[in-house]
Amino acid sequence: MIDRLDLRRARIRAAAPGRRIRAATALCAVLVLSACGAAAQSSDPAPALSAAASSEPSGAAATPTPADSPTPAGASTEPSSPVSEAAAASCAEIERPPLQAGSHLIGDRAPPVPYSSQPPTSGWHSSGHVDIDLRGADDPLSEPDQVSVLEAGGVVVAHGQLPEDAVAALGDHVRTNYEQRVAVTPYEPLDAGAVAFTSWGVLQRCDGVDLDALDRFVAEFGTDDPIEPGH
């Protein structure tokens, strides 16, 4: 009886190390599986949105399009008017061409000598009536007609080819402020864009229509009530 009990105890003691080994092995397996699972979770790809967002530099701003760009303070979004363009024109210093003697020309006779400037500021002039008004390309003032206006105390604005809006702005200004005092006429010898103000013996050349310069010229060299030209 005692021998059998000792034998059973010996078998239990012999089996104990094996159970402990199996238990340790199972525990290792659990730990390994847990570590693998954590590694697998950390290796999952980030959502597409996050990946796309991470590709942009931190704090980078989108490049504004011309439509998104703000208008500078004080800048106008409207196209410039003919008057504002005229104000940007430039004029040269006052010229005083040599004064020429001359008498009335009969009919369409040409002056016997060339004028001392183009457009003229003195010399031979027309004998008939000449209106101080606005002329178009189909009815310009001749050089003798221009001198008749100047002899009467008026001012002539002669111009080369100009944009229609510039001609309209010039005509409106003269019609409003200088009716029967300032004549406006195309003048073929002038280059495109060129403008010239004339009074008796005085000439000022401009690049474009400068209404402010015209006002100053009329105030200094024009008369308030010219006589009837051609008489």
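The values are calculated or read from the model by the stated rules, or taken from the named source; none is laboratory data. These numbers come from a predicted model, not from an experiment. Note that we place each Cβ from the backbone using ideal geometry, even for glycine, and neighbour counts take in every protein chain shown.
General remarks:
- Pair list, Cβ under 8 Å, 6 or more apart: the stretch 144-162 residue on the phi > 0 side of the Ramachandran plot and touching a residue at least 24 places away in the same chain (Cβ under 8 Å), other residue acidic (Asp, Glu) and assigned to a helix (DSSP H, G or I): none
- The number of residues in the stretch 112-153 being among the hydrophobic types (A, V, I, L, M, F, W, C), closer than 19 Å to residue 167 by Cβ and in contact with a Leu (Cβ under 9 Å, 6 or more places away or on another chain) comes to 2.
- Pairs where the first residue, in the stretch 174-187, is outside the structural domain of residue 147 (by TED's automatic domain parsing) and within 15 Å of residue 226 (Cβ to Cβ) and the second is of a type in the set (Ser, Thr, Tyr) and modelled with pLDDT under 95, C-beta under 8 Å, 6+ apart: none
- Residue satisfying all of: in the stretch 171-224; surrounded by fewer than 21 Cβ atoms within 10 Å (Cβ to Cβ) and hydroxyl-bearing (Ser, Thr, Tyr); farthest from residue 130 (Cα to Cα) among these: 176
- With respect to the conditions (1) modelled with pLDDT of 50 or more; (2) in contact with a helix residue (DSSP H, G or I) (Cβ under 7 Å, 6 or more places away or on another chain); (3) of a type outside the set (Ser, Thr, Tyr), residue 150 falls short on a single one, namely (2).
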